[in-house]
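Peer 1: Please see the structure below; I have some questions.
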Amino acid sequence: MCRGVARSAESVIVGTMLRTLSHLKNLKGKRVLIRVDFNVPMKAGSVADDTRIRETLPTLKYLLKGKAHVIIMTHLGRPDGKVVPGLRLNPIATRLQKLLGKPVKKLNECIGPAIEKEISKMKDGSVVMLENVRFHEEEEACDVGFSKDLAKLGDVYVNDAFGTCHRAHSSTAGVAKYLPSYAGFLVEREVKFLTPLLTKPKKPLTLIVGGAKVDTKIGILKNFLGKANYILIGGALANTFLAAEGFDMGTSLYEKDKLEIARDILLEAQKKRIKVLMPVDAIVADEILENATTLDLPLEDIEGNMKILDIGNITRLNYISIIKKSKTVIWNGPLGLHEAKPFAGGSKAIAKALAASKAATYLGGGDTIDAINRFKISPKKFTFVSTGGGAMLKFMEGKKLPGIQALER
C-alpha cells in the first residue's frame, strides 16, 4: 500500500481540484509517462475487444499533437509478479499502432538501464509501450523502489486508467509521488459524470445490480440505501438474496456464507423504506448449453437440479416499469448468464429499456459493457458508460480512490 497519497476526500469527490491536461503546458520534448488500462479481452493471442484502447485515444492524440514523448504503461491479466509469455503486450501494441496510425515501439521490460536508454532515443511525437507492469510483483505492492524506477522514465505523469484507480499500485499511485501528475481526458470525464450521482442525482433514482458476488456489491448497496428510491437485483447476486429469504435455489450458484449479509441489507432497506425488488420468476435449465431447454418458472416452483440462469418475463416487466418512472438509473452487472443466448433475455430487455429511457442512464462494469456490445446497442444510447468495474463501484461507494487522490491539486 502506497503511503503519502491521501489528501482531502471532499475535493476528490467533487472533482474540482484535479490536475488535468489543461494544466499541462509546453508538451514538446517532454517525456510523458502515462498509465492506461489496456487490460482488454484476448482471443487466440489477439485483441478481441479494443473498447478500452479506443477510450484513451483522445488523450494519446493530444499528447502526440503536442510533440510529447509518450511512454505507455499498462497491465494485462493476472501474471502475479511473474513473466507469462501469453500476457506480453505485443498484440496490444500492434492494435494501438493501427488505431493511432503511427508506430508504437514495444519494449520487453518496463524498468532498468536498457529501457532508460531506449527512451532517451525517442523523438518528439513518438510512442513506446513498456512491458506488462504486473510482471513485477513490486507493482501491486506499490514498492517505493519500483515506483521510483518507473518515475525515472518520465518528466510528468498522466493517469488515464480509471479502471485501475481504486488500486494503490506503483503505476497508479506510487509514481505520482515523484512526478508532476495529471488526469487524462478519460479519468477527467469519469469523475465529471459520476460525481453528480453522489451529490445531486435526479429522483426517482434506481440502482440495478447484477453479477455474481455479494462482496463486490455490498459497498454500493449500503451507500445507496440512503439515496436510491428503488434497488433492482438480478444475476447470481439475486440468488443469494432469494436464498436468504428462504427460497429453494435448486443447484443455482449462490453464496451460502453471505446469507446473513444479504438479510442485513434487506432489513436496512426496509427500515429506510427503500423498495428492493427481486425476481419473482426465473429462466431455469438443468445444463448451461447454447441449445439448453429452458423454463420460465415462479420462484416457488424451483427445485431439484434446476439452475436459475436469468430473470423471468414477469420480473423483466416489473423492472422495466420501475425504469420508466425513474429519472436516474445506474446499472452495474448483468441480470443473467448473458454470454449464452438462452439466458441473455433479461439483460437484453433491461438494456433496451434503458437505451429507450428518457432518464439519465449510467452503466459500468466490464460484463455490463460486454453485454451491450453483444446486444449491438450503442454506448451512445446511454448518458454515460464507465470504463471502470471495481473502480466505478468503489467511487459510487463514496470511497477515496488512490489513483484519483494522487492527481489532486
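The values are calculated or read from the model by the stated rules, or taken from the named source; none is laboratory data. Since the model is a prediction, treat every value here as computed from it, not as a measurement. When we count neighbours, we look across all protein chains shown, and the Cβ atoms used for this are built from the backbone with ideal geometry, even at glycine.
Peer 1: Tell me, please, whether a residue that is farther than 29 Å from Leu225 by Cβ, surrounded by fewer than 23 Cβ atoms within 10 Å (Cβ to Cβ), in contact (Cβ under 8 Å) with a residue 40 or more places away in the chain and not aliphatic (A, V, I, L, M) can be found in segment 157-175.
Peer 2: no
Peer 1: Another one. As an exercise: evaluate Ile314 against (1) at pLDDT 95 or above; (2) surrounded by 18 or more Cβ atoms within 10 Å (Cβ to Cβ) and give the number of the one condition it does not meet.
Peer 2: Just one mismatch for Ile314, condition (2).
Peer 1: For segment 55-69, which residues satisfy the criterion of being closer than 18 Å to Lys98 by Cα, modelled with pLDDT of 95 or more and outside any loop (DSSP other than H, G, I, E, B)?
Peer 2: Leu57, Pro58, Thr59, Leu60, Lys61, Tyr62, Leu63, Leu64, Lys65
Peer 1: Only residues that are among the aliphatic types (A, V, I, L, M), over 22 Å from Phe193 (Cβ atoms) and either buried (at least 18 other Cβ atoms within 10 Å of the Cβ) or at pLDDT 95 or above (or both): list them for segment 337-354, please.
Peer 2: Leu337, Ala344, Ala349
Peer 1: Taking the condition in the same structural domain as Val214 (by TED's automatic domain parsing) and either part of a loop (DSSP other than H, G, I, E, B) or on the phi > 0 side of the Ramachandran plot (or both), does Ala355 pass?
Peer 2: So Ala355 does not fit the description; no.
Peer 1: Is there a residue in segment 97-110 that is in a loop (DSSP other than H, G, I, E, B), crowded, with 20+ Cβ neighbours inside 10 Å and on the phi < 0 side of the Ramachandran plot?
Peer 2: Yes, segment 97-110 contains at least one residue that is in a loop (DSSP other than H, G, I, E, B), crowded, with 20+ Cβ neighbours inside 10 Å and on the phi < 0 side of the Ramachandran plot.
Peer 1: Here's another thing I want to ask about it. Residues to consider are Ile369, Ile404; find the one that is within 13 Å of the chain's Cα centre (by Cα) and either part of a strand (DSSP E or B) or buried (at least 17 other Cβ atoms within 10 Å of the Cβ) (or both).
Peer 2: Ile369
Peer 1: Could you identify the single residue in Ser357, Ser386, Ser326 that is surrounded by fewer than 24 Cβ atoms within 10 Å (Cβ to Cβ) and among the hydroxyl-bearing types (Ser, Thr, Tyr)?
Peer 2: Ser357 is the lone residue from the list that is surrounded by fewer than 24 Cβ atoms within 10 Å (Cβ to Cβ) and among the hydroxyl-bearing types (Ser, Thr, Tyr).
Peer 1: Given Val36, Val40, which one is modelled with pLDDT under 95 and touching a strand residue (DSSP E or B) at 6+ places or on another chain (Cβ under 7 Å)?
Peer 2: Every option except Val40 fails the conditions.
Peer 1: Now, a different point. Going by the conditions given, is Ile72 under 23 Å from Glu408 (Cα atoms) and modelled with pLDDT of 95 or more?
Peer 2: yes
Peer 1: Among (1) in contact with a strand residue (DSSP E or B) (Cβ under 8 Å, 6 or more places away or on another chain); (2) touching a residue at least 60 places away in the same chain (Cβ under 8 Å); (3) on the phi < 0 side of the Ramachandran plot, there is one condition Ala344 misses while meeting the rest; what is its number?
Peer 2: Every listed condition holds for Ala344 apart from (2).
Peer 1: Looking at this structure, is Thr240 more than 17 Å from Leu335 (Cβ to Cβ), among the hydroxyl-bearing types (Ser, Thr, Tyr) and crowded, with 16+ Cβ neighbours inside 10 Å?
Peer 2: Taking the combined requirement at face value, the residue does not satisfy it.
Peer 1: Test each condition in (1) more than 21 Å from the chain's Cα centre (by Cα); (2) touching a residue at least 60 places away in the same chain (Cβ under 8 Å) for Lys121 and report the one that comes out false.
Peer 2: The single condition Lys121 does not satisfy is (2).
Peer 1: Which one is surrounded by the fewest Cβ atoms within 10 Å (Cβ to Cβ), of the residues in segment 269-283 that are at pLDDT below 95 and more than 27 Å from the chain's Cα centre (by Cα)?
Peer 2: Once the filter is applied, the top-ranked residue is Arg273.
Peer 1: Taking the stated definitions as given, is Asn318 free of Cβ contacts under 8 Å to residues at least 60 places away in the same chain and not basic (Lys, Arg)?
Peer 2: Answer is yes for this residue.
Peer 1: Assuming Lys200 fulfils every condition listed in (1) over 20 Å from the mean Cα position of the chain (by Cα); (2) basic (Lys, Arg); (3) surrounded by 18 or more Cβ atoms within 10 Å (Cβ to Cβ) apart from one, which condition is it?
Peer 2: For Lys200, the exception is condition (3).
Peer 1: Is it true that Ser326 is more than 22 Å from the chain's Cα centre (by Cα), assigned by TED's automatic domain parsing to the domain that holds Lys200 and free of Cβ contacts under 8 Å to residues at least 40 places away in the same chain?
Peer 2: no
Peer 1: Ok, one more. Of the residues Asp296, Asp281, only one is of a type in the set (D, E, K, R) and either touching a Ser or Thr at 6+ places or on another chain (Cβ under 8 Å) or outside the structural domain of Tyr230 (by TED's automatic domain parsing) (or both); which?
Peer 2: Of the residues listed, the single one that is of a type in the set (D, E, K, R) and either touching a Ser or Thr at 6+ places or on another chain (Cβ under 8 Å) or outside the structural domain of Tyr230 (by TED's automatic domain parsing) (or both) is Asp281.
Peer 1: Scan segment 145-152 and tell me whether some residue there is out of contact with any Pro (no Cβ under 7 Å at 6 or more places or on another chain), acidic (Asp, Glu) and touching a residue at least 40 places away in the same chain (Cβ under 8 Å).
Peer 2: no
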